[in-house]
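One structure below.
Computed from the coordinates by the stated procedures, all read-outs in this text should not be read as laboratory data. Source: prediction; values computed, not measured. Cβ placement follows ideal geometry from the backbone for every residue including glycine, while neighbour counts extend to all protein chains displayed.
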Amino acid sequence: MMTDTKYNGWTNYATWRVNLEIFDGLYDSDIFDLSLEPWELGNVLQDYVQNHIHESGGGEGNLAVDYALAFIHDVNWYEIAKNLIAEYADKEVDA
């Protein structure tokens, strides 16, 4: 039995929440190269979040770090990357 896991128009809750709390409104192309293909940018975004979790949480073996890493495992990084690229393109058109 398949369950629909969509959340607020996103693939799932994890994708929506990570996008909202970390990347929403981020248009600064100096932080991420928004000219990358979505799958490449998705990998960069995932590495960025994983590094942030490790730096903030005290490293491997910390229960909070383990839970955070498990949570972001469900994130659709490709979807967030596509959204950031589209938002940045829209901002450039409006400028």
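For the stretch 33-94, the equivalent ellipsoid derived from the Cα gyration tensor has semi-axes of 28, 11, 9 Å, listed largest first.
Give me the net charge for the shell around Asn43: Cβ to Cβ below 12 angstrom, other residues only, Lys and Arg +1, Asp and Glu -1. Show your work: numbers first, answer last.
Details: positive: none; negative: Asp33, Glu37, Glu40, Asp47.
Cβ neighbours under 12 Å give a net charge of -4.
For Tyr7, the residues 5 or more places off, or on other chains, whose built amide H falls under 5 Å of its own are Asn12.
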